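Q: Can you keep this structure in mind? I'll have questions shortly.
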Amino acid sequence: MIKAIFFDIDGTLVSFNTHRIPQSAIDAISMAKAKGVRIYISTGRPLSLINNLDEIKHLIDGYITANGALCFSDGKIISCTPIPKEDVLTVLRFSDDMKFPCMVVGEKDLTMYNSDERTDRIFRQMLNVHNLKEDNDVEQILRQRILQLTPVISEPEELQIMPRLTGCVSCRWYPEFADITATNANKGNGFLDIISHEGIPVEDTMAFGDGGNDVSIIERAGIGVAMGNANQILKDVADLVTSSVDEDGVYNAMKKFVL
């Protein structure tokens, strides 16, 4: 019996085309919640950039944010895994030298460092994210624990940078940027932290995703579901491939296992 479901946001709950949650997914999550199922979000976004879940916000019990770097349930922090400070400074030096934008996500706030036209095209237009706080002083953010760095770099540039970082991993859920977190920060470990805290058996869980940053949670969940629009790597590790976000994929999978 499913007791907890974890949902990625972009490309899973929220359509890249409409920037909204399909009504079928809202209905399915509402019905699951009425049956006592706990609802969690599992996203690469930091909490301050989650701006597209208003229709289900009152149903959400907890969050895995910044790809697992900060996780909380019922408003209580369950785990926090910051990036080593020396690695943060290394990435910012690369940003200066190679002229790429980089989102710097602190525990309480964020900024877009070296912002340029790519910031607007990718984050504001494609992802519908507007609260990027380019005017925030990066030195102020660096006084906080840094949860995630999101440089707008190509895969060859990523391969150049990552060997210089001693305590980090990277993943991609969109071709034009990478998410860098501390080595042990990923959605799968955040998932294990939350269910351990809540006393929920792995076999009673379900997780949905569509990107490379979802592999660790899809592999660990009792039932791992890849959306029809997911990349092939995720589909290969999933227990089920449902239809796409725009074709009622969440509802179709939940109808089979939960509703």
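The values are calculated or read from the model by the stated rules, or taken from the named source; none is laboratory data. Given the structure is predicted, the values throughout are model-derived calculations rather than measurements. Here the Cβ positions follow ideal geometry from the backbone for every residue, glycine too, while neighbour counts run over all protein chains shown. Heavy atoms of the whole protein, side chains included, go into the accessibility calculation; ligands, DNA and RNA do not. Shrake-Rupley method; radii C 1.70, N 1.55, O 1.52, S 1.80 Å.
Q: Which value, in debye to the nearest 20, gives the size of the charge dipole of the chain about its Cα centre, when Lys and Arg are +1 and Asp and Glu are -1 at the Cβ?
A: Values: 25 positive and 37 negative charges, 114 e Å.
Approximately 540 debye in magnitude.
Q: Can I ask one more? Hey, could you get me the Stokes-Einstein D for the chain, Kirkwood radius over alpha-carbon pairs, 20 °C and 1.002 mPa s, rounded to whole µm² s⁻¹?
A: Numbers: Rh = 18.3 Å.
In µm²/s, the coefficient is 117.
Q: Between residue 116 and residue 1, what FRET efficiency follows from the Cβ-Cβ distance if R0 is 41 Å, with the result rounded to 0.05?
A: On the way: r = 50 Å, r/R0 = 1.22.
Calculated value: 0.25.
Q: Report the paramagnetic label zone for residue 136: residues of segment 44-76 whose backbone N is under 17 Å from a point 7 Å from Cα along the Cα-to-Cβ axis.
A: Under cut-off, by backbone N: 44-52, 65-71.
Q: Counting only protein heavy atoms, what percent of the accessible surface of segment 1-72 is carbon or sulfur at a 1.4 Å probe?
A: Working: 1340 of 2480 Å².
Using a 1.4 Å probe with all protein chains present, segment 1-72 comes out at 54 percent carbon and sulfur.
Q: Then there is this: Which one of 215, 249, 152 is farthest out on the positive end of the charge dipole of segment 131-259, using unit charges on Cβ (Lys, Arg +1; Asp, Glu -1) and the Cα centre as origin?
A: Result: 215, furthest along the dipole toward the positive end.
Q: A further question follows. Per residue of segment 107-117, in order, report the coupling 6.51 cos²θ - 1.76 cosθ + 1.60 (Karplus, θ = phi - 60°) as ³J(HN,Hα) in whole Hz, putting x for Gly and Pro.
A: 5, 10, 8, 8, 8, 9, 8, 6, 4, 8, 4
Q: Would you work out which of 102, 68, 122 lies farthest towards the positive end of the dipole of segment 63-154? Charges go on Cβ: Lys and Arg +1, Asp and Glu -1.
A: After comparing all options, I get 68.
Q: So for 24, 48, what's the accessible-area order with a 1.4 Å probe, most first?
A: Details: 24 25, 48 60 Å².
I get 48, 24, largest accessible area first.
Q: Give the accessible surface of the chain per residue, rounded to a whole number of Å², with probe radius 1.4 Å and ligands, DNA and RNA excluded.
A: Details: 10830 Å² over 259 residues.
For the chain, the per-residue accessible area is 42 Å².
Q: Antiparallel as a % of all DSSP beta bridges within the chain, to the nearest 5?
A: Details: 23 of 41 bridges.
Roughly 55 percent of the beta bridges in the chain run antiparallel, per DSSP.
Q: Quick one: check the C-alpha center-to-center distance for segment 1-44 versus segment 85-112, whole angstrom.
A: 31
Q: Between beta-carbons, use under 11 Å as the cut-off and find the net charge around residue 16, counting Lys and Arg +1, Asp and Glu -1.
A: Working: positive: 20; negative: 10, 210, 246.
Taking every other residue near residue 16 into account, the sum is -2.
Q: Sticking with this one: Roughly speaking, what is the stretch gain from residue 97 to residue 59, that is 0.36 nm per residue apart minus the C-alpha to C-alpha distance, in nm to one decimal?
A: 9.2 nm
Q: Would you list, by chain and number, the lysines whose Cα falls below 17 Å from the Cα of residue 256, excluding same-chain residues fewer than 8 positions away?
A: Here the lysines satisfying the reach criterion relative to residue 256 are 3, 33, 35.
Q: I've got another one for you. Once phi is turned into θ = phi - 60°, what whole-Hz ³J(HN,Hα) does the Karplus curve with 6.51, -1.76 and 1.60 give for every residue of segment 89-102, x standing for Gly and Pro?
A: Karplus values, whole Hz, x for Gly and Pro: 5, 5, 5, 5, 5, 4, 4, 5, 6, 9, 6, 10, x, 8.
Q: Then there is this: Given a cut-off of under 8 Å on Cα pairs at least six residues apart, what relative contact order in percent is computed for the chain?
A: Details: 546 pairs, mean separation 57.4, N = 259.
Answer for the chain is 22 percent.
Q: Per the 1.4 Å probe, what fraction of the accessible area of segment 146-259, in percent, lies on carbon and sulfur atoms?
A: Values: 2220 of 4610 Å².
For segment 146-259, the apolar C and S fraction of the accessible surface comes to 48 percent.
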